[in-house]
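See below for the structure under consideration.
What follows draws every value from the coordinates through simple rules; no lab data is involved. Every value quoted in this text rests on a predicted model; they were computed, and no experiment measured them. Cβ atoms come from the backbone with ideal geometry, glycine included; neighbour counts cover every protein chain shown.
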Protein chains: 2
Amino acid sequence: MLSVARIKQLKSLHKKKYRRQERQFLLEGNRLIDQALSADAQLLEVWMTKKNLNSIFGKNILKKFEKKNIPFSLAPEKIIRQISDSLNNQGIIALAPIPNYEKYNDPPKRAIYLDGISDPGNMGTILRTAAWFGIKSIFCSPECVDPFNSKVVRSAMGAHFYFSHFDAISEEKLLVDYSEARMEIFGSDMKGNPVQTLNVEAIKGWILILGNEAHGIGEPSKSFITSTISIPGIEGLESLNVSVAGGILLHELTSLKIVTN
Amino acid sequence: MLSVARIKQLKSLHKKKYRRQERQFLLEGNRLIDQALSADAQLLEVWMTKKNLNSIFGKNILKKFEKKNIPFSLAPEKIIRQISDSLNNQGIIALAPIPNYEKYNDPPKRAIYLDGISDPGNMGTILRTAAWFGIKSIFCSPECVDPFNSKVVRSAMGAHFYFSHFDAISEEKLLVDYSEARMEIFGSDMKGNPVQTLNVEAIKGWILILGNEAHGIGEPSKSFITSTISIPGIEGLESLNVSVAGGILLHELTSLKIVTN
């Protein structure tokens, strides 16, 4: 049974300050927790309603918890609702440690720099897409929404457990390194070259910068861009949503061949 | 000054039933309303807070309202908050008639069929992306979230005013027509052919089916698919978000040449 103090402590994890202090975060929802298990996430504890446990999903996931020795308990719907951040919680919450990502040293060969992404849904969708395309290194500017925010975690569908690097870092440190290593620094802009006609040879590696929803890529990051690319569309219309644009660019960029020496 | 009855009537437009009855819907937010003006949307009336009006944005948009003879009035923040559906309203709301779209007769050469899209953010993002890629015909299955829901409208960024066809229709009527016209019916599935290797010749036209977030494309629609396409990614991971997948597929499909006879 969850004590009042324990419920309070779990709820505190909806705040960035306490997530950082405790180095823990919450996962909510059937698909997300199932995906986290597939990604071999370390789950410290799981709480589930009786109703959810008795569903087909519940019976299947319980076997996985048992196999992986994950502590599991039943909790009344009222308690799950209290801890949950979501109005439509599905009757399952898990507690996970923030993974120990590798420390950043050298620029990885394929990476994304999120420069001021502010919407949690966009951030989560970009992370999910990045994982899908096999990008293991994600860097965030300090202005980004916290990537362990529960809305980000929900939209990312387990991507958090897939990355090797997942750091908050200033563009100065990161992009200077890419520049010095003569790797490509891609940024998108309406006036850039259509991404499908991109012609870069003997590429040593790349980083894609995705900018803020309203203001785009910030001036400091912009100055480092080596290739400005665009996704052609109807002129005069509002540009694409950043997570859709990111998906299209990753679909194209991940087909670029990277030379190994 | 907005009367209590008028406020009540405007608020009722957050419900599908009243939107259909009055054939009107609400637009909220600076960028959305600016985009609607660029798309030559007919706005019946606009309300704005003093604070927003005194901003640079406010001064610019006021000129546009005057040029287009759009009735405009100041409203206290409290009233805008009452009418708004959004917690972070920006102090501007506009009332628009639901556009008169063309009646569906023959299958358009490029179209999208939304088969049970349930998340308003996904629906809106797909509409915004479709408009960007010049797709003017969108058909929705009856199970979809209402496309004039204010969250859909917010994410679509004015796309509603760009389409020629925008209808709720059953897959039976629509997909039989595409089938008989020997046009391509694309659906995506993990097991399909990678979209970038797609090789279709002398194509007369196409429709892309995008399925429900949790259950994918429904069985009735699936049976009509002529080409199953995929976006290759890391196996075992949760698939892409439907609006991102839709963006990547449209980016590829809109480059297909369509024969004119």
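For A:Arg182, inter-copy separations between label points set 7 Å beyond Cα along the Cβ vector come to 5.4 nm, shortest first. Rounded to the nearest 20 debye, the dipole size of region A:1-140 about its Cα centre is 300 debye, using +1 on the Cβ of Lys and Arg and -1 on the Cβ of Asp and Glu. With an a/c value under 1.5 for the gyration tensor axes a ≥ b ≥ c computed over the alpha-carbon atoms, the protein assembly as shown is described as rounded. Among bridges DSSP assigns within the protein assembly as shown, what percent are antiparallel (round to 5)? The antiparallel fraction comes to roughly 30 percent. Where a ≥ b ≥ c are the square roots of the eigenvalues of the C-alpha gyration tensor, would you call region B:110-253 rounded, which needs a/c under 1.5, or, failing that, prolate if a/b is larger than b/c, or oblate? Rounded is the answer for region B:110-253, as its axis ratio a/c remains below 1.5. Projected label points at A:Ala202 and A:Lys173, each 7 Å from Cα along the beta carbon direction, are separated by 3.2 nanometres. What the phi angles of region B:147-154 give under the Karplus curve with 6.51, -1.76 and 1.60, with θ = phi - 60°, is a coupling list of x, 9, 3, 5, 5, 5, 4, 4 Hz, glycine and proline written as x. Which percent, nearest 5, of DSSP beta bridges in chain B are antiparallel? Percent antiparallel among DSSP bridges in chain B is about 30. For chain B, the Cβ-based charge dipole about the Cα centre amounts to some 1560 debye (Lys, Arg positive; Asp, Glu negative; other atoms uncharged). Can you give me the C-alpha center-to-center distance between region A:153-169 and region A:77-98, rounded to a whole angstrom? Taking the Cα centre of region A:77-98 as reference, the centre of region A:153-169 is 20 Å away. Annotation for B:Val200, label-to-label distances across the other copies: 3.2 nm (shortest first, one decimal, point 7 Å from Cα along Cα→Cβ). Fewest-first ordering of A:Leu44, B:Leu53 by other beta carbons within 10 Å of each residue's beta carbon gives A:Leu44, B:Leu53. For chain B, excluding the exposed loop sites themselves (trypsin sites (Lys or Arg not before Pro), DSSP loop, at most 14 other Cβ atoms within 10 Å), the longest remaining stretch covers B:104-181. Within the straight-line cut-off of under 14 Å between alpha carbons, the aspartates and glutamates reachable from A:Lys103 are A:Asp167, sequence neighbours fewer than 8 places apart in one chain being disregarded. Would you be so kind as to identify which of A:Ser179, A:Ser223, A:Leu237 lies farthest towards the positive end of the dipole of region A:110-253, taking Lys and Arg as +1 and Asp and Glu as -1 on Cβ and the Cα centre as origin? Comparing the listed Cα positions along the dipole, A:Ser179 ranks first. Pairs exceeding 31 Å between alpha-carbon atoms, taken from A:Lys16/B:Lys59; B:Lys15/B:Lys109; A:Lys78/B:Lys50; A:Lys173/B:Lys59; A:Lys64/A:Lys136; A:Lys151/B:Lys64: A:Lys16/B:Lys59; B:Lys15/B:Lys109; A:Lys78/B:Lys50; A:Lys173/B:Lys59; A:Lys151/B:Lys64. Computed on region A:110-253, with alpha-carbon pairs under 8 angstrom and 6+ residues apart, the relative contact order is 29 percent. Here's the picture: charge each Lys and Arg Cβ at +1 and each Asp and Glu Cβ at -1 in the protein assembly as shown, and of A:Ala75, B:Ile207, B:Pro99 the one pushed furthest to the positive end of that dipole is A:Ala75.
Could you tell me how many degrees, from 0 to 90 and to the nearest 10, lie between the Cα long axis of helix A:56-67 and the main elongation axis, the longest principal axis, of the Cα atoms of chain A? Computed tilt is about 90 degrees. Neighbours of B:Gly58, meaning other residues whose beta-carbon lies under 14 angstrom from its beta-carbon, give a summed charge of +3 when Lys and Arg score +1 and Asp and Glu score -1.
Any idea what the relative contact order of chain B is, in percent, if you count C-alpha pairs under 8 Å spaced at least 6 apart? Relative contact order comes out at 19 percent.
Long-range amide H contacts for B:Cys140: which residues qualify at under 5 Å (H placed 1.01 Å from N, peptide plane, sequence gap of 5 or more or a different chain)? Amide H to amide H, under 5 Å and 5 or more residues apart or across chains, B:Cys140 pairs with B:Leu114, B:Asp167, B:Ala168, B:Ile169.
Per residue, the Cα convex hull of region B:3-135 amounts to 138 Å³.
Inter-copy label distances for B:Lys17: 4.5 nm (label point placed 7 Å from Cα along Cα→Cβ; shortest first). Residues of chain B were split at every exposed loop site, defined as GluC sites (Glu not before Pro) in a DSSP loop with at most 11 other C-beta atoms within 10 angstrom, and the longest piece left, sites excluded, is B:1-200.
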